[in-house]
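Participant: Please find one structure pasted underneath; my questions will follow.
Values in this text are rule-based calculations from the coordinates and carry no lab data. Fair warning: this is a prediction, and the values are worked out from it, not measured in the lab. Heads up, the Cβs are rebuilt from the backbone with ideal geometry, glycines too, and the neighbour counts pull from every protein chain shown.
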Amino acid sequence: MAEPLCRLYLITPPRLDDLAGFGRSLAHALDAGDVAALQVRLKDVPDEIIAGAVDALLPIAAARGVALILNDRPDLAARLGCDGVHVGQEDASYAEARRAVGRDKIVGVTCHDSRHLAMEAAEAGADYVAFGAFFPTTTKDPKTRAEPEILSIWQETMEVPCVAIGGITVETARELARAGADFLAVSAGVWSYGDGPAAAVAAFNREIEAGVAERG
């Protein structure tokens, strides 16, 4: 069976004050539909907090075939046994990240709204490039706004997968899937969904499937 042409990529909330409760919510969400990856994104917290989160969430993700990606910290990703790391333009370089985690782990790179940055990352060996933000977001203060066209152009010209990120909701998922995103990275759109995270994952998957079906 072929893998879906576009898949959901979850990002944790910016704080995990109730780690056990979040773990239960995560398990229910991952059981509700296809999810490719979970990025642990905890900014400005001690390393032991990040380590505790990874230790708690990695088994939940692994049991369901979901890759666990750590944001920003290749050193911790390697030490904690994560499946990969995601680095921004102001974090470690791709080369530093690859050295830290090794050849067999995932390294993704934020490229904002720049095909030039994305091509550099892809040619260096990145496993995916991330474009955004596509919509306003409260999760972080985006430096750039990207248009869906960048996904279409990338899909037509490059083989390295692209991730769409930034303010994506159930209502906007179809447009980005249709435009050519390989993955939709979502945080608040799942965890703050009115009917709960599990319902959000199911709804996202329906919209993603519809968007892929509409690709020209």
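Participant: According to the Cα gyration tensor, what semi-axes, each the square root of 5 times an eigenvalue, does the equivalent ellipsoid of the range 134-216 have, listed from largest to smallest in whole Å?
Facilitator: 21, 16, 9
Participant: Here is a follow-up. Explain nothing, just compute: Karplus ³J(HN,Hα) = 6.51 cos²θ - 1.76 cosθ + 1.60, θ = phi - 60°, for every residue of the range 98-114 in order, whole Hz, x for Gly and Pro.
Facilitator: Each residue of the range 98-114 in turn: 5, 4, 5, 9, x, 6, 8, 9, 7, 10, x, 10, 5, 10, 6, 10, 10 Hz.
Participant: So which trypsin sites (Lys or Arg not before Pro) in the range 64-171 pass both tests, a DSSP loop state and at most 10 other Cβ atoms within 10 Å of the Cβ? Walk me through the numbers on the way to the answer.
Facilitator: Working: sites: ARG64, ARG79, ARG98, ARG99, ARG103, LYS105, ARG115, LYS140, LYS143, ARG145; in loops: ARG64, ARG103, LYS105, LYS140, LYS143, ARG145.
Here the trypsin sites (Lys or Arg not before Pro) that fit, given the DSSP loop and packing criteria, are ARG103.
Participant: Under 5 Å between amide hydrogens, which residues at least 5 positions from VAL45 or on another chain qualify, with H placed 1.01 Å from N in the peptide plane?
Facilitator: Correct list: empty.
Participant: Any idea what Rg and Dmax come out to for the chain if you just take the C-alpha atoms, in Å?
Facilitator: Reported Rg and Dmax, both Å: 15.9, 47.
Participant: Also, I was wondering about something else. In whole Hz, with x marking every Gly and Pro, tabulate ³J(HN,Hα) for the range 204-209 from phi via Karplus 6.51 cos²θ - 1.76 cosθ + 1.60, θ = phi - 60°.
Facilitator: Working through the residues one at a time gives 4, 5, 5, 5, 4, 4 Hz.
Participant: Hey, what does the equivalent ellipsoid look like for the range 148-192, semi-axes from the Cα gyration tensor as sqrt of 5 times each eigenvalue, largest first, whole Å?
Facilitator: 21, 10, 7
Participant: Normalised by the residues of the chain, what does the relative contact order come to in percent, with Cα pairs under 8 Å and at least six apart?
Facilitator: Values: 445 pairs, mean separation 44.8, N = 216.
Relative CO of the chain lands at 21 percent.
Participant: State log₁₀ I(q)/I(0) for the range 1-103 at q = 0.23 Å⁻¹ as given by the Debye formula over alpha-carbon point scatterers of equal weight, solvent excluded.
Facilitator: Treating every Cα as an identical point scatterer, log10 I(q)/I(0) equals -1.28.
Participant: Rank the residues ASP83, ASP17 as a footprinting-exposure proxy: fewest other Cβ atoms within 10 Å of their Cβ go first.
Facilitator: Lowest to highest Cβ neighbour count: ASP17, ASP83.
Participant: Within the set of other residues whose C-beta is less than 12 Å from the C-beta of LEU151, count the net charge using Lys and Arg as +1 and Asp and Glu as -1.
Facilitator: Cβ neighbours under 12 Å give a net charge of -3.
Participant: Ranking HIS116, HIS86, HIS28 by Cβ neighbours within 10 Å, fewest first, what do you get?
Facilitator: On the way: HIS116 8, HIS86 30, HIS28 14.
Ranked by crowding around the Cβ, least crowded first: HIS116, HIS28, HIS86.
Participant: May I ask you to evaluate 6.51 cos²θ - 1.76 cosθ + 1.60, the Karplus curve with θ = phi - 60°, for each residue of the range 176-187 and list the ³J(HN,Hα) values in order in whole Hz, giving x for glycine and proline?
Facilitator: Result, rounded to whole Hz: 6, 5, 5, 5, x, 4, 7, 9, 10, 8, 9, 10.
Participant: Can you list the residues, at least 5 places off or on another chain, whose amide H is less than 5 Å from the amide H of HIS86, using H built in the peptide plane?
Facilitator: LEU70, ASN71, ASP72, ARG73, GLY108
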